[in-house]
Amino acid sequence: MRRQSSWVPHLADGTGSPAERLAEALGGDILSGVLREDERLPAHRPLAWRLGIGVGSVTRAYALLERRGLVRGMHGRGTFVAVRPDQAGPMLDLATNMPPPMFGDRALARTLTRLAKHVDPGLFNVYPPVAGHLEHRRIMARWLAGMGIAVAPERLLLTGGAQQALNVAVHVARRHAAYAVVEAQTYPGMLGAMRQAGLEIRPASMDNEGMRPAALERILAGRRDRRAVVYLTPTMQNPTTATMTVGRRRDIVALCRRFDALMIEDGVYVHEDDPSRPALMTLAPERTFHVSSLSKILSPGLRIGALIPPVGYAGDCLRALLASSLMIAPLSYAMMAQWMQDGTAESVRNALHAESVRRQALVLSVLGAWAVTPSCHAFHAWLPMPAEYAARVVAHAHRLGVTLPPPGMFDAGDGMRGGVRLAFGNVAFRALPEALGRVRQACARRAENVPHDMMAMS
């Protein structure tokens, strides 16, 4: 028998409308198990009165949640929770870097039903163009424009996720550059792509904004006779969460122009237009390969990436993309278009941002000084510490039932900086305090004989 919820949400302060903030509060409590499957939500008018908002705001909030498949309305009976929260497994996974689920099964079923009625069968009867149908490229270009990245659809290439886009960028850059400069701790998938391409990798030291300009200058100046490609994640760098200020971005661009270096910009964690953090592509379009993706800011299952090549490199990228023999499934294209056009994508993106803020606050409250406090939001955190110490923390956390990534997987080769990355999107929110508590216990257990100054490495 369905029970009436006595729950009243807490509307956090924010810039969104009352409807958006109510939807965020409700969605978070549904996905974390505070509200259970088949539980009836409060009626519109009493809830509006208790929260001091308009009835229309409650109606719009419930509609946003229904679009995501988290609730279902039953005529004459009310609105009910439609999602069963995921159960925690025997091992708590803080290694897999992905956002938490924001789509319910009803949202997926409704999307597929709409597509069955309206999708163009021509999408399924022919091979798609290598870079994607022009209409889908227009849709993606509008999406990116909402994040401050302006690009003509004709210049945009759609790829099978960010990894394919990065591989294409490396393949093309390899023809024009003799070696690569990367952040000392960086995305292991890119290290693998560069090694496979035969690029020599030179790590540059970092600070709390990412790659140090002085370190980059030393490397580039020491090899003036050889052209470099520089790989950077300016916003919420993986794994360290470092984010570059506009000044740092301009300094990096100036050095790359001075030494005629190419850049590959990994923008997968950018989710909004922030003029104080412009994309490197906007500062140096003539030398920047910009990579974006829907997986980190919308849904891991929607593996659609975007590659914006520098001016003059589009042809090479198109040929490299064709050679990769990996095309996006027509159904993924159709779902992307549907969600972006009916507002589902924007709603989910906003909800994921709110969830990342909530989870990040929990991480910092549990781990305290162990974790770096980032200036942006995503679903990973960084615990800086010596490499040997990090390995012991990972091993002890595993014995406590928490999976963490091997610390050495992010090391580009200088051995100067170590740490542990936590990915906190893949664990149900109600299980996250327990997982973080075990990590804290692992850190404390292995801190006994480690000098304090080494623990504060940054």
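The values are calculated or read from the model by the stated rules, or taken from the named source; none is laboratory data. Model, not experiment: these values are computed from the prediction. Positions of Cβ are backbone-derived with ideal geometry, glycine not excepted, and every protein chain shown enters the neighbour counts. To get the accessible areas, we keep the full protein, side chains included, count just its heavy atoms, and leave off ligands, DNA and RNA. Shrake-Rupley method; radii C 1.70, N 1.55, O 1.52, S 1.80 Å.
Per-peptide packing, taken as the mean over residues of other Cβ atoms within 10 Å, places 309-316, 56-63 in the sequence 56-63, 309-316 from highest down.
Taking the Cβ of Leu298 as the center, what net charge do the other residues with Cβ under 12 Å away carry, scoring Lys and Arg +1 and Asp and Glu -1?
Details: positive: Arg68, Lys296, Arg303, Arg349; negative: Glu346.
Charge balance in the 12 Å sphere: +3.
In what sequence, largest accessible area first, do Thr79, Thr96 appear using a 1.4 Å probe? Could you put the intermediate results ahead of the total?
Numbers: Thr79 20, Thr96 60 Å².
Descending order: Thr96, Thr79.
Close amide H partners of Val420, meaning residues 5 or more places away or on another chain with modelled amide H under 5 Å apart, are Leu383, Met385.
Working note: Cα gyration tensor of region 123-281, eigenvalues times five, square-rooted, sorted largest first, giving semi-axes of 28, 19, 14 Å.
Using R0 = 41 Å, the C-beta based FRET efficiency linking Ala329 and His398 works out to 0.70. Solvent-accessible area per residue in the chain equals 42 Å², computed with a 1.4 angstrom probe and all protein chains kept.
Can you tell me, using C-alpha contacts under 8 Å and at least 6 residues apart, the relative contact order of region 192-289 as a whole percent? Display every interim value, and only then the final one.
Working: 113 pairs, mean separation 25.3, N = 98.
Result for region 192-289 is 26 percent.
Cα extents for region 369-434 along the principal axes, largest to smallest and rounded to whole angstrom: 38, 32, 21. Averaging Cα coordinates gives a centre for region 207-223 and one for region 376-431; these two points are 25 Å apart. On the chain, 53 percent of the accessible area sits on carbon and sulfur atoms, based on a 1.4 Å probe.
Using a cut-off of 15 Å between beta-carbons, work out the net charge of the residues near Pro309 (Lys and Arg +1, Asp and Glu -1, Pro309 not included). Mind dumping the intermediate values first?
Values: positive: Arg137, Arg155, Arg174, Arg175, Arg287, Arg319; negative: Glu154, Glu265, Asp266, Glu286, Asp316.
Value of the local net charge: +1.
Put simply, when 131-144, 157-170 are sorted by average Cβ atoms within 10 angstrom per residue, most first, you get 157-170, 131-144.
Could you work out how far the C-alpha centroid of region 133-152 sits from that of region 267-290, in angstrom? For region 133-152 versus region 267-290, the Cα centre distance is 14 Å.
For the chain, the spread of Cα positions along the three principal axes, ordered from largest to smallest, is 75, 63, 36 Å. Full extension of the chain between Ala387 and Arg226 yields a length gain of 54.8 nm, computed as 0.36 nm times the residue separation minus the alpha carbon distance. With contacts taken as Cα pairs under 8 Å at a separation of at least 6 residues, the chain carries a relative contact order of 19 percent. Scalar couplings 3J(HN,Hα) for region 374-385, obtained by applying the Karplus form with A = 6.51, B = -1.76, C = 1.60 to θ = phi - 60°, are x, 9, 10, 10, 7, 10, 9, 9, 10, 10, x, 5 Hz; x denotes Gly and Pro. Plainly put, region 193-333 has a radius of gyration that is 0.97 times its Kirkwood radius, both from alpha-carbon atoms, as the Rg/Rh ratio.
What order do you get for 47-54, 386-393, 220-227 when each peptide is scored by the mean count of other beta carbon atoms within 10 Å, highest first? Let's see the in-between values first.
On the way: 47-54: 15.4, 386-393: 18.4, 220-227: 12.6.
Output ranking for 47-54, 386-393, 220-227: 386-393, 47-54, 220-227.
Each stretch of four or more DSSP H residues adds -39500 (n - 2.57); spread over every residue of the chain, this sum gives -12500 deg cm²/dmol at 222 nm.
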